[in-house]
Amino acid sequence: MDKNLKEVAKLFFKLGSIAFGGPAAHIAMMEEEVVEKRKWMSPQHFLDLVGATNLIPGPNSTEMTMHCGHERAGWKGLILAGTCFVFPAVVITMVFAWLYQQYGQLPQVEPFIYGIKSAVIAIIIGAVYRLGKKALKNIELGILGALTLVACLLGLHEILALFACGLLGLVWHFLQSSKNNLNSFTSLFLLQVTVSASTLKILWTFFKVGALLYGSGYVLFAYLDAELVNTGLLTRQALIDAVAVGQFTPGPVLSTATFIGWQLGGFWGAVAASVGIFLPSFIFVALLNPIIPKMRKSKTIAAFLDAVNIAAVAVIVAVCVEMGKDTLTDWRTIVIAVLSMIAVFAFKKINSAFVVIGGALLGYLLTFI
């Protein structure tokens, strides 16, 4: 295997194994590894990818792994990065799905998650600080970012907030000047899976969800409730337990699909659901990735991208605020968050994996006090 491909596989398998806390946390870890440490791309290009990824369906952090893999090792890197990031979550979720099917309940992991959530907030704040410095290019963008943050905290859907901010950025640009248009080319790849008729139905169900899922993976609950619970294929309690597994396992929350696929069709059902939910993201990223550098060269579309970028940072801040309200509920979680913040900002070279592990251990130990 090519040296760059090995590097991509190793990095994203590691991140897929320790990336707790949802898309904002995953992107924060990627920014640290890909931009700060390895210099695979400039902070500006990373920001452009984050902004553009927020505008397409699918799990944002998983799609970002594909972009990063493509930057390092071309289309093979794109496929390998996405696969390696998803693989640990899928395997771990399969184990939980088997245990759930055998014993009807999930293992007790709350004490560890208790600490991880607090530590993850510190990791996100560290990334917001770095990304925000790059995205905040002028006062106008600062105003747009502040408006986006307020809109998100007041309950406006994050996708609407991103598009609105992008359009406002375009309006401001046209008030200053207007020129240029965009010519682009795209590439497409398809993955195929040979499955039986029953697993084909599972594959198609989750492919539809993956192709339509906008925003964070947590919107998945509403989609699957309509597709599976309302049609009698799955009980609501099983769906709730599946979402819980997706939240407390590392990697993308969409590994929820693996758990549900197992309940519907065993091992091959889990494989079909996993392929179905993530396949649209590979297609979307393959289409989008070649366009972004050309978009940056157009002054008009660059103005849109700059506005979307500051909006993406604002959305991450809003997520962090909501996580803080839900997570920092007692002195223990506050202590873990403060210690994690000190680790992130005082020891800038510390790997985020150690912050996550430290948070988990502190969470476990402090539950005895």
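The values are calculated or read from the model by the stated rules, or taken from the named source; none is laboratory data. Keep in mind it's a predicted model, so treat the numbers as computed, not measured. Glycine gets a Cβ as well: all are built from the backbone with ideal geometry, and neighbour counts include every protein chain shown. The protein model used for the area step is the full one, side chains on, heavy atoms only, and it has no ligands, DNA or RNA in it. Shrake-Rupley method; radii C 1.70, N 1.55, O 1.52, S 1.80 Å.
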### Task
Averaged over every viewing direction, what's the projected area of the C-alpha convex hull for the chain? Give it in nm², one decimal, please.
19.0 nm²
### Task
Could you tally the net charge around residue 5, taking each other residue with its Cβ under 9 Å from the Cβ of residue 5, Lys/Arg +1 and Asp/Glu -1?
+2
### Query
Can you give the accessible area of residue 234, probe radius 1.4 Å, in Å² rounded to 10?
20 Å²
### Message
With a 1.4 Å probe and all protein chains left in place, how much of the accessible area of region 46-138 comes from carbon and sulfur atoms, in whole percent?
### Response
62 percent
### Query
Given the C-alpha centroids of region 313-366 and region 114-131, what is the distance between them in whole angstrom?
5 Å
### Links that overshoot a 28 Å alpha carbon limit, given the list 208/299; 137/348; 299/349; 39/133
208/299; 299/349
### Query
In µm²/s, what is D for region 316-369 at 25 °C and 0.890 mPa s, where D = kT/(6 pi eta Rh) by Stokes-Einstein and Rh is the Kirkwood radius from Cα pairs?
206 µm²/s
#### Entry: Coarse-grained scattering of region 1-130 at q = 0.11 Å⁻¹, given as base-10 log I(q)/I(0) from a Debye sum over alpha-carbon atoms
-0.42
### Query
Taking amide H positions as placed 1.01 Å from N in the peptide plane, with prolines and chain starts having none, which residues 5 or more places from residue 213, or on another chain, fall under 5 Å of its amide H?
58
#### Entry: Pairwise Cα inverse-distance average, inverted: Kirkwood Rh of region 241-289 (Å)
11.2 Å
### Query
Hey, how many Å between the Cα centroid of region 244-279 and the Cα centroid of region 1-66?
21 Å
### Query
For residue 42 and residue 102 in the same chain, what is the full-extension length gain: residue separation times 0.36 nm, less their Cα-Cα distance, in nm?
16.8 nm
### Mean Kyte hydropathy of 1.0 or more with a Cα span along the axis of at least 24 Å, helices from DSSP in the chain
158-176, 256-288, 299-327
### Query
For region 259-369, what % of the accessible area comes from carbon and sulfur atoms, probe 1.4 Å?
75 percent
### Query
In the full protein assembly as shown, how much of residue 236 is accessible to a 1.4 Å probe, in Å² to the nearest 10?
110 Å²
